[in-house]
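Right, one structure below, let's go through it.
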Amino acid sequence: MRTTALLILLVVLVSTGEALQCNTLDGSTVECKPGFHGVCVHYKYEDEEFKSCAEPELCTNMKSSFSEHESEHATFICCPEELCN
C-alpha cells in the first residue's frame, strides 16, 4: 500500500527550475522535474523497496507512520544531494 502511495506521488509531482537526479531500483538514474526542490529516497522493508525522487514532506510523513518494527529494521534514506540514495 505504501509503495502504491509512493508511485502515485511520483506521478503527480509538479515542479519548475533545476533538476535533481536520483538513483532508481534498476540501477539507472531519474531526473526529477525541473524546479523540484525535493529529495532522493530509498525505502526498503521486507519485500517492499522504492528508490526515486520525492517531496521532502513524504519523508516526514512516512517516518512518522512507521511501526516500531519498521523503524528498527527498515532502510529509509531521504537526502537532498545528487544521487545520494
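What to note about this one:
- Scanning the stretch 31-58 for residues that are farther than 27 Å from Glu18 by Cβ and in a loop (DSSP other than H, G, I, E, B) turns up Glu46, Asp47.
- Subset of the stretch 59-85 (residues that are touching a strand residue (DSSP E or B) at 6+ places or on another chain (Cβ under 6 Å), at pLDDT 95 or above and in a helix (DSSP H, G or I)): Glu70
The values are calculated or read from the model by the stated rules, or taken from the named source; none is laboratory data. Keep in mind the model is a prediction, meaning the values are calculated, not measured. No Cβ is skipped: glycine too gets one built from the backbone with ideal geometry, and neighbour counts run over all protein chains shown.
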